[in-house]
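Remarks on the structure that follows.
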Amino acid sequence: MKEFDLLVILAVFQEMLGPLLWLLLAIIVLGTLAFVLLLIRERGVVSRRMVFSQTLSPLGGAFALILMAKVSSSGFTDAGGPVDWLLIALVFSLGLVGSGIILYTIGGWWSILRGNKPA
Amino acid sequence: MKCEHSNIRDELFHLPDNPRRAFLLAAAASALGAAGLKPGVANAAGSKVQTQAHIVIAGAGAAGLTAAAYLAKALDGAKITLIDARKEHFYQPGFTLVGAGIKPKEYVLSSTAEYLPRGVELIEARVAEFDPDGNKVVTDSGQSIAYDFLIVATGLKLEYGLIEGMEESLIGKEGIGSIYHSPAGAEATWQAMSAFADKGGRGVFLRPATEMKCAGAPLKYTFITEDYLQRRGQRGKAEVVYNSNNKALFSVPIVSEKVRMLFQERGIQINYERVLTAIDPGRRIATFKTPEGSEEQGYDFIHVIPPMRAPEAIRNSPLPWKTGQWVDEGWMEVDKGTLRHVRYPNVFGVGDIAGVAKGKTAASVKWQVPVAVDHLVAEIAGKQSDALYAGYTSCPLITRLGRAMLVEFDYQNNLTPSFPGVIAPLEELWISWVMKTMALKPTYISMLRGRA
């Protein structure tokens, strides 16, 4: 199994999340694709929409932390050492960046599909 | 019951109710990748070995099922027979969390059939007789099963009856708890402990003088109870006493010392060389054997951990140690590096039944089984295996709700951290708790399926 550490991690994630794993992977892949296509179509970043999504994205980071605390039966005073703060920062960042991109992408395609000019 | 768990948990952690879901677990879970998942050794070449051999596995717990999965992957044409009377499978590393009110008992319950590898036969019976001279086992229904190779994974027996006055039916009543007993026993223990944490009083904790499953669990449950007393504002009205069977708190000296420091910090009183011999539920008195004679201790809550030894069928067979410290307890005399029986080369002992120092944890199984299977498969293939088990085991030692120390060690009492310099083994960390609550069970289930 020395050669298949990634497969092992995938197996563990599959046990942890069940079919949800594939749904989440699909969201990540399709979301990234939609984001890239949006960038190409709009020929770059629309700064007003980016600022708007960045304003809301800390909520995504906070949501990620709440979710993490919930699924691990943790409280908000449990961090005990530097690696805990790193993990908290990592989870928050994932929520922050993920929700920022999602909001930006949804906003972009929403206006395109409604036939509006890019905001 | 589920509801109550969730209420208590929410009360403690002030969290909204949410279903399990998250790709945000990525960080923790990829970290856990390494914890339980250092590479195994069996079948590294990838191609299956052709054989007609009949391999019998006695016991379908963590070790038996994992062995079946590894063998099924490594061999083609072999007849693999698992023998176990119990239909349910228990995720035993989760018993502490059930006893702590963090998880419902369903969290640790599943069925053996879910993990049975394709092509492996399951006989729902108990092995009543081991005859390694005749290369056969006999079930309690009288069926005689011959084998070419035998893997013994029967686990161990909790001997509540060896404590005078103690009965399994008392668990959850009269202030008596015992998370080891079963999923239901762990849940009943939570009820008893929670009632104690609401009132305070004298909490008595202990461990048996025999070898035992997860020697960290007695300490974890002491820490958890103390934490609940704190959180419910009853710590001032409570006395928490830990009775060690010998002169240490843990077999690894550096860990023992760390636990002593934490106990002192939390005001947990330590008694050394106390072994529970009797219990009087009516009077709530526990009697301990000490070097000076017997000693009575009153309690409002007691966490009873019974003596543990090999099942009777093993003790009555030629398989146990003939000399040394494990004669009475009946653990199998296997080579500590290969898990192969020292007198019967076609017999292996893995999991709790193996007469080796340390271990008796799922982490030990994770590391023992690939080694034993590698030797077995190598012999079938006419080769030699150099796979060795160094005694690795691990214990996410919960020191309060929300924090644990990820203690990993080997036969030589060396600490063997999976993440040196990142996750300090003797530091109380949230990340270690996250692994325990989120990552360990999926890792364990993957192990049962031979995928980790």
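The values are calculated or read from the model by the stated rules, or taken from the named source; none is laboratory data. This structure is a prediction, so every number in the text was calculated from the model and none was measured. Here the Cβ positions follow ideal geometry from the backbone for every residue, glycine too, while neighbour counts run over all protein chains shown. What goes into the accessible areas is simple: the full protein's heavy atoms, side chains included, and nothing from ligands, DNA or RNA. Shrake-Rupley method; radii C 1.70, N 1.55, O 1.52, S 1.80 Å.
Which entries of B:LYS336/B:LYS358; B:LYS87/B:LYS157; B:LYS247/B:LYS366 have Cα-Cα distances beyond 19 Å here? Walk me through the numbers on the way to the answer.
Values: B:LYS336/B:LYS358 10 Å; B:LYS87/B:LYS157 17 Å; B:LYS247/B:LYS366 30 Å.
Those over the limit are B:LYS247/B:LYS366.
Selection among B:THR154, B:GLY165, B:ILE176 by position relative to the dipole of segment B:140-216 gives B:ILE176 as farthest towards the positive end (Cβ unit charges, Cα centre). With respect to chain B, whose longest principal axis is taken over its alpha-carbon atoms, helix B:362-380 is tilted by about 10°. Cα-Cα pairs above 47 Å in the protein assembly as shown: how many percent? Above the 47 Å cut-off, the protein assembly as shown has 18 percent of its Cα pairs.
Compared with the rule-of-thumb size 2.2 N^0.38 Å for a compact globular protein, segment B:255-299 has a Cα radius of gyration ratio of 1.39. Once the 1.4 Å probe is applied to the protein heavy atoms, chain B comes out at 37 Å² accessible per residue. Figure note: B:ASP335, B:ASP328, B:ASP410 ranked by solvent-accessible area, largest first, 1.4 Å probe, ligands and nucleic acids not counted: B:ASP328, B:ASP335, B:ASP410. What the Cβ-Cβ distance of B:ARG283 and B:LYS237 gives, at R0 = 30 Å and to the nearest 0.05, is a FRET efficiency of 0.90. Taking a straight line from the alpha carbon of B:LYS103, these lysines sit under 21 Å away, with near neighbours fewer than eight places off in the same chain left out: A:LYS70, B:LYS2, B:LYS173, B:LYS213, B:LYS220, B:LYS436, B:LYS441.
For segment B:188-274, chymotrypsin sites (Phe, Trp or Tyr not before Pro) meeting the loop criterion (DSSP other than H, G, I, E, B) and having at most 14 other Cβ atoms within 10 Å: B:TYR272. Taking all protein chains as shown and a probe of 1.4 angstrom, B:LYS199 keeps an accessible surface of around 140 Å². Farthest toward the positive end of the dipole of segment B:334-452, out of B:LEU388, B:SER364, B:PRO420, is the Cα of B:SER364, where the dipole comes from beta carbon charges about the Cα centre. Under the convention that each Lys and Arg Cβ holds +1 and each Asp and Glu Cβ holds -1, the size of the dipole of chain B around its Cα centre is about 1040 debye. Once backbone amide H atoms are built at 1.01 Å from N, B:ASN271 has B:TYR242, B:ASN243, B:SER244 as its partners under 5 Å, excluding neighbours fewer than 5 places away on the same chain. Entry note, segment A:6-113: relative contact order of 37 percent, from Cα contacts under 8 Å with a spacing of 6+ residues.
For segment B:308-388, chymotrypsin sites (Phe, Trp or Tyr not before Pro) are listed when DSSP marks them as loop and at most 12 other Cβ atoms sit within 10 Å of their Cβ; the list is empty.
Evaluated with a Cβ-only charge set (Lys, Arg +1; Asp, Glu -1), the protein assembly as shown carries a dipole of roughly 2000 debye about its Cα centre, given to the nearest 20.
What the phi angles of segment B:294-303 give under the Karplus curve with 6.51, -1.76 and 1.60, with θ = phi - 60°, is a coupling list of 8, 9, 9, 10, x, 8, 9, 9, 10, 9 Hz, glycine and proline written as x. The mean number of partner chain beta-carbon atoms within 10 angstrom of a residue's beta-carbon across peptide B:390-403 is 2. Phi angles across segment B:399-414 convert, under the Karplus curve 6.51 cos²θ - 1.76 cosθ + 1.60 with θ = phi - 60°, into 3J(HN,Hα) values of 10, 5, 5, x, 9, 8, 9, 7, 8, 10, 7, 10, 3, 8, 6, 6 Hz, Gly and Pro given as x.
Given Cα pairs under 8 Å that are at least 6 residues apart, what percent is the relative contact order of segment B:160-307?
Contact order relative to length: 33 percent.
Solvent-accessible surface, computed for protein heavy atoms with a probe of 1.4 Å, shrinks by 40 Å² or more for the following residues of segment A:94-115 when the other protein chains are added to the isolated chain: A:LEU94.
For the protein assembly as shown, with all protein chains in place and a probe radius of 1.4 Å, 57% of the accessible heavy-atom surface sits on carbon or sulfur. Once the partner protein chains are put back, segment A:10-36 shows a loss of at least 20 square angstrom of accessible area, versus the chain by itself, at A:ALA11, A:VAL12, A:PHE13, A:GLN14, A:GLU15, A:MET16, A:LEU17, A:LEU20, A:LEU24, A:ILE28 (probe 1.4 Å, ligands and nucleic acids excluded). Taking A:VAL97, A:VAL51, A:VAL71 in turn, the Gaussian network model of chain A (Cα-Cα springs below 10 Å) assigns the largest fluctuation to A:VAL71. A 1.4 Å probe run over chain A, with the rest of the protein chains in place, finds 59 Å² accessible per residue.
Where the alpha-carbon atoms of segment A:15-65 are placed on the principal axes, they occupy 40, 26, 7 Å, in descending order.
The 3J(HN,Hα) values that the Karplus relation (6.51, -1.76, 1.60; θ = phi - 60°) gives for segment B:150-160 are, in residue order, 10, 10, 8, 9, 6, x, 10, 10, 7, 9, 4 Hz. Gly and Pro appear as x. Given +1 at the Cβ of Lys and Arg, -1 at the Cβ of Asp and Glu and no other charges, the dipole of segment A:6-113 around its Cα centre is 480 debye to the nearest 20. To the nearest 10 degrees, how steeply does helix B:253-266 sit against the main Cα axis of chain B, on a 0 to 90 scale? Result, in degrees: 30.
P(r) tail for chain B: Cα pairs beyond 44 Å make up 11% of the total. Against the main long axis of the alpha-carbon atoms of chain B, helix B:183-199 sits at an angle near 10°.
Computed from label points 7 Å out along Cα-Cβ, the spacing between B:GLU106 and A:ALA26 is 2.5 nm.
Working value for segment B:160-307: equivalent-ellipsoid semi-axes of 20, 19, 15 Å, each the square root of 5 times a Cα gyration tensor eigenvalue, largest first.
With a cap of 16 neighbouring Cβ atoms within 10 Å, and only residues DSSP puts in a loop, list the trypsin sites (Lys or Arg not before Pro) found in segment A:1-102.
Counting only loop positions with at most 16 other Cβ atoms within 10 Å, the trypsin sites (Lys or Arg not before Pro) in segment A:1-102 are A:ARG43.
Beta-bridge orientation, the protein assembly as shown: approximately 50 percent antiparallel, per DSSP, counting only bridges with both partners inside.
May I ask you to give the average projected area over all directions of the convex hull of the Cα atoms of chain A, in nm² rounded to one decimal?
Working: hull surface 40.7 nm².
Hull-based average projected area comes out at 10.2 nm².
Roughly how many Å is it from the Cα centre of segment B:367-401 to that of segment A:43-90, as a whole number? First find each Cα centre; the distance between them is then 39 Å. Summarising the amide proton neighbourhood of B:LEU82: residues at separation of 5 or more, or on other chains, whose placed amide H is nearer than 5 Å comprise B:ILE57, B:GLU121, B:LEU122, B:ILE123.
Only aspartates and glutamates eight or more places from B:LYS258 in sequence, or on another chain, were considered; those with a Cα closer than 18 Å are B:GLU226, B:ASP227, B:GLU408, B:ASP410, B:GLU427, B:GLU428. With the convex hull constructed from alpha-carbon coordinates only, segment B:126-216 shows a mean projected area of 8.6 nm² over all directions.
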